[in-house]
Amino acid sequence: MRLQFTLNGQEITAEVSPLDRLLDVLREYLGYTGTKEGCGEGECGACSVLLDGRLVNSCLVPAIQIRGADVLTIEGLSGEDDGLQEAFVEEGAVQCGFCIPGMVLAARALLSENPHPTRHDIKHALAGNLCRCTGYERIFRAVERAASQGYGDRISTQNSRQDKGRKSLFELQGSEPSWVFVPQSLDEALEILSEYHDVTLLSGCTDFYPDLKKGKPEPARVMDIWGLSDICGIKMKDGYIEIGSGTTFSDIASCETIKKYLPALADLSTMIGARAIQNRATIGGNIVNASAAADSPPLLFVYGATAVLRSKNGMREVPIAELFGGYRKTVLKPGEMLASIKIPLPSPGAHQFFYKRGSRLALTISRLSVAGLIELEGDVVSSVRIATGSMSPVPFFLTKTEGYLKGKRLTGEVIETAAAIASEEVSPRTSKDYRKRVTGRLVSRFLKEARS
């Protein structure tokens, strides 16, 4: 495949495989070795670059998705008066240097969006970039120094990606996949799905490359739906919000409509990996991968959300709570794809929450998650839904806990009893005592917050 894109301000043309990672294109094809490979799974940040102004892990971006894009690597900063790199030097924030190219690009992405960040903002923005030797305090101080010297005010965020000539179909040669499809519309994508039931959809690819690394066979056919406008975006409708399946979690987190009506979903979206992952991971992928540890399904359960499934033959709607058929299984039929998610607007005054627990705060797979939506009349529970994730093959409602709470006043005794019921209602396969205990505590926390 002939790949054309802009790298550090220069037009680049290279012959690559569509599934080559952006990281490989930079290092192996073009010799830009400032970008490092650490984990190869999007967990360390060493390979961070800016793609159309957004921070991404280059180990998770296929070459087919950078056609016509603008890529900025650490080499692109070397020819300018770069106060950010100077700040890293002045604060002694560099030792072995392996993580620093990605760290600098992550800091630049932050300062281009938020020229005067707080310490909390900096920690959150760099949470996906790991350093093994310097320690983070000097790195945080370096970003603060650059900000205080006006670095963020001097740079501008690059334009968001424009669709630059999506080709509908082209053939590949040799040992590469037989066909790669690049539909220009949802209808075209559905036409392809109706003919090729074995085609693998590519969007954010945050699971695709880690799965390949773990030994999953490379697919024979792929279809790139990243940025397909028909399945991207957030729309306010009559009584519900519709989110396109290709919408990223960073776009969900920053959407004012989501913040106003679905604040728990906005919070959840900031907990999916770290910023580079949130810029790539889509809500549709998080759902249809049907991972037991997926974060969004439990919350979508309690919202009463509906999956809009499209095929060449039409459309059907399935409650998210009925979408999963087991671990890594959904009820999608051959030729169908998830087009959007409809979420009914919660009643004014309803309390909603999402909590997750893992081995660390950022870039962690949930060991357990709990989501809830409760409505009160005074201090009496009129409606409540609570669901859990990461403790069974599919999320499930805590129906016994819900049944106990409905119609009761949220007294301290009722909250304590509900928490005890919740802890016994879950049946985790591993770490049973821990997960049961924490589930009860999170339910108690939610009910106390709702009461207050």
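Some points to look at:
- Neighbours by Cβ (under 8 Å, 6+ apart or cross-chain): first from segment 307-321, modelled with pLDDT under 95; second not in a helix (DSSP H, G or I): none
- Some residue of segment 233-251 being modelled with pLDDT under 95 and β-branched (Val, Ile, Thr): no
For (1) in contact with a Leu (Cβ under 8 Å, 6 or more places away or on another chain); (2) modelled with pLDDT of 95 or more; (3) loosely packed, with under 13 Cβ neighbours inside 10 Å, each residue gets a yes or a no:
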{"position": "CYS133", "(1), (2), (3)": "no, no, yes"}
{"position": "ALA146", "(1), (2), (3)": "yes, yes, no"}
{"position": "PRO183", "(1), (2), (3)": "yes, no, no"}
{"position": "LEU193", "(1), (2), (3)": "no, yes, no"}
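- Matching residues, segment 337-366, being among the basic types (Lys, Arg), surrounded by 17 or more Cβ atoms within 10 Å (Cβ to Cβ) and closer than 30 Å to THR430 by Cα: LYS356, ARG357
- When residues of segment 294-320 are limited to those that are of a type in the set (D, E, K, R) and buried (at least 22 other Cβ atoms within 10 Å of the Cβ), the one nearest to LEU338 (Cα to Cα): ARG310
- Pair list, Cβ under 6 Å, 6 or more apart: segment 356-377 residue of a type in the set (Gly, Ala, Ser), other residue crowded, with 19+ Cβ neighbours inside 10 Å and assigned to a strand (DSSP E or B): SER366/LYS356; SER369/LYS356; SER369/GLY389; ALA371/PHE354; ALA371/ALA387; GLY372/PHE353; GLY372/ILE386
- Residue pairs meeting the criteria (Cβ under 9 Å; at least 6 apart or on separate chains; first outside any helix (DSSP H, G or I), in segment 238-266; second among the acidic types (Asp, Glu) and at pLDDT 95 or above): GLY244/ASP230; GLY246/ASP230
- Selection of segment 421-452 for residues being farther than 18 Å from ALA292 by Cα and of a type outside the set (A, V, I, L, M, F, W, C) yields SER423, GLU424, ASP433, ARG437, GLY440, ARG441, SER444, ARG445, LYS448, GLU449, ARG451, SER452.
- Within the option set LEU105, LEU77, being of a type in the set (A, V, I, L, M) and at pLDDT below 95 holds for one residue only, LEU77.
- Scanning segment 387-414 for residues that are buried (at least 22 other Cβ atoms within 10 Å of the Cβ), in contact with a Lys or Arg (Cβ under 7 Å, 6 or more places away or on another chain) and either farther than 15 Å from LEU447 by Cα or not assigned by TED's automatic domain parsing to the domain that holds LEU368 (or both) turns up SER390, MET391.
- Candidates VAL89, VAL104 - the one that is within 25 Å of the chain's Cα centre (by Cα) and assigned to a helix (DSSP H, G or I): VAL104
- Qualifying residue in segment 321-336 (condition: touching a His at 6+ places or on another chain (Cβ under 6 Å), on the phi < 0 side of the Ramachandran plot and surrounded by fewer than 20 Cβ atoms within 10 Å (Cβ to Cβ)): yes
- Segment 374-386, residues that are surrounded by fewer than 24 Cβ atoms within 10 Å (Cβ to Cβ) and assigned to a strand (DSSP E or B): GLU375, LEU376, GLU377, VAL380, VAL381, SER382, SER383, ARG385
- Unmet criterion (only one of (1) buried (at least 17 other Cβ atoms within 10 Å of the Cβ); (2) touching a Ser or Thr at 6+ places or on another chain (Cβ under 7 Å)) for PRO62: (2)
- Residues that are under 30 Å from VAL180 (Cβ atoms) and polar (S, T, N, Q), drawn from segment 63-107: GLN65, THR73
- Going through (1) more than 18 Å from THR248 (Cβ to Cβ); (2) in a loop (DSSP other than H, G, I, E, B); (3) touching a residue at least 60 places away in the same chain (Cβ under 8 Å) one by one, GLY45 falls short only on (1).
- Total residues in segment 47-78, condition under 16 Å from the mean Cα position of the chain (by Cα) and among the β-branched types (Val, Ile, Thr): 2
- Checked against the criterion of being without any contact (Cβ under 8 Å) to a residue 40 or more places away in the chain and more than 23 Å from the chain's Cα centre (by Cα), the candidates SER423, SER431 yield just one match: SER423.
The values are calculated or read from the model by the stated rules, or taken from the named source; none is laboratory data. Just so you know, these numbers come straight off a predicted model, no measurement behind them. Here Cβ is always computed from backbone atoms with ideal geometry, including for glycine, and neighbour counts include all displayed protein chains.
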